[in-house]
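Scroll down for the structure; my scribbles are underneath it.
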Amino acid sequence: MRNVPFARPIIGAEEKQAVAKVLEGDTLVHGPVAKEFEKKFAQYTKAPHAISVSSCTAGLHLAYFYLGIKPGDEVIVPAQTHVATVHAVELCGGKPIFVDAEINTGNIDISQIEKAITPKTKALSVVHYLGMPVDMPKVMAIAKKHNLFVVEDCALAIGTKYDGIHAGLFGDVGTFSFYPVKHITTAEGGMMILKDDAMAKKLTFQKAFGVDRTPSERVVPGVYDVIMLGFNYRMNEIEAALGIEQLKRIDGFLKTRKRNYEALEKHLKEVDEVQLFQSSHGPFESSYYCLSVILKGNLSKKRTQVLTSLKELGVGSSVYYPQAVHQFSYYKNKYHYADNAFPVASLISDTSVALPVGPHLNEEDVNYVADSLKQVIQKLKRG
Ligand SMILES: Cc1ncc(COP(=O)(O)O)c(C=O)c1O
């Protein structure tokens, strides 16, 4: 039987050598490698500034902290996303105000944003769901009209562009994830990209305790001042070394993802029982994180069997995301939203199956994924 995992990091000799080189030296944190990774990431995305962080979640938290989100403030968030998007607001004491998803892309339903805005709204968060860009000109027009900050959750959006501009460069800040299943990995890690010089400077202090000088900048060893409140959200040199080598592969990775996505999409377009999300078209350029299908009709009630049957056939699948955020116990207990308050977000969580398209798949793997899903659907239709 074939084994096609949902995701698999691709770590080569170059990554191992780069990590070994860091380990052979004396500098594991605060060194030149993280700075170099930031420079390379800024070049790749054409961002004025890139700031490495310990995870995407850390970057999102830092973003709201910098923007001054505090108790009493409201932040618009998509109901369909990873919980980190919303936790970042909660961690600052802000109140998340959920907006439903739209069914064609899984992205936030822009037509519903304005009615969620109140005098307390300070910021608006968007997530490029599975790497498909949100219509950022529309979002930015709303933000401008209501004077709101915009935070882009780009966890799955390396390579995502709108009209040739990289995701993360429309709002005040965009934050990426390098967790192992992502487009490139540093094991744990993240990167913030932004345009504002003063913001970049302050975030660099805030991600490192608010300390005014790094060890190498200290004239008197061990002596420093703390000029603001801050976290320990730095990326270390080992992670950064991995990131530099991974970033060298990104164009190839994205090309293979697109090829795999389009091949799988072609197979699945013929299947009546599933509905596909929209992918790249016109100015919208996806990063092809995975191919998620929505199960239709009777099949929608058999999602668990679809996931487990695929597993039995050696096909790794996943769910993005397993519950709409307002339905997770923590949010449900705190805010008491009705389960069906955001029906599209819930429908996606309850009835979708995410299939692999990563660079670890070759053409035969893609065919196998498609055939396996078709086989599972036929079996479940009969049963
Ligand atoms: C949309 C989104 N935001 C944030 C995160 C969290 O990223 P990290 O694990 O780097 O903190 C994820 C993780 O999958 C995600 O999918």
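The values are calculated or read from the model by the stated rules, or taken from the named source; none is laboratory data. Keep in mind that this is a model prediction, so the values were computed, not measured. Virtual Cβ from ideal backbone geometry, glycine too; neighbours counted across all protein chains shown.
Out of contact with any Cys (no Cβ under 9 Å at 6 or more places or on another chain), outside any loop (DSSP other than H, G, I, E, B) and under 11 Å from ILE238 (Cα atoms), is that true of ALA50?
Taking the combined requirement at face value, the residue does not satisfy it.
Got a sec? Which of LYS302, LYS311 is farther than 20 Å from ILE97 by Cα and without any contact (Cβ under 8 Å) to a residue 40 or more places away in the chain?
On inspection, the qualifying residue turns out to be LYS311.
Being in a helix (DSSP H, G or I) and within 11 Å of the ligand (Cβ to nearest atom) is the filter; apply it to segment 70-108 and report the residue that is surrounded by the most Cβ atoms within 10 Å (Cβ to Cβ).
Ranking the qualifying residues of segment 70-108, first place goes to ALA88.
Counting just the residues of segment 144-194 that are among the acidic types (Asp, Glu) and part of a strand (DSSP E or B), which one comes out nearest to the ligand (Cβ to nearest atom)?
ASP153
Filter segment 314-347 down to residues that are of a type in the set (A, V, I, L, M, F, W, C) and closer than 22 Å to GLN275 by Cα and give me whichever is farthest from the ligand (Cβ to nearest atom).
Ranking the candidates gives VAL315 first.
How many residues are of a type in the set (Ser, Thr, Tyr) and buried (at least 21 other Cβ atoms within 10 Å of the Cβ) if we restrict to segment 352-371?
1
Within segment 197-205, is even one residue surrounded by fewer than 21 Cβ atoms within 10 Å (Cβ to Cβ), at pLDDT 95 or above, closer than 24 Å to TYR64 by Cβ and within 16 Å of the ligand (Cβ to nearest atom)?
Scanning segment 197-205, I find no residue that is surrounded by fewer than 21 Cβ atoms within 10 Å (Cβ to Cβ), at pLDDT 95 or above, closer than 24 Å to TYR64 by Cβ and within 16 Å of the ligand (Cβ to nearest atom), so the answer is no.
Between a residue in segment 123-152 that is under 12 Å from ALA167 (Cβ atoms) and any residue that is part of a helix (DSSP H, G or I) and of a type in the set (S, T, N, Q), which pairs come within a Cβ distance under 8 Å, given they are 6 or more apart or on different chains?
Going by the 8 Å Cβ cut-off, the qualifying pairs are VAL127/THR85.
Out of ALA58, ALA7, report the one residue that is closer than 30 Å to LYS145 by Cα, of a type in the set (A, V, I, L, M, F, W, C), within 16 Å of the chain's Cα centre (by Cα) and not assigned by TED's automatic domain parsing to the domain that holds GLU364.
ALA58
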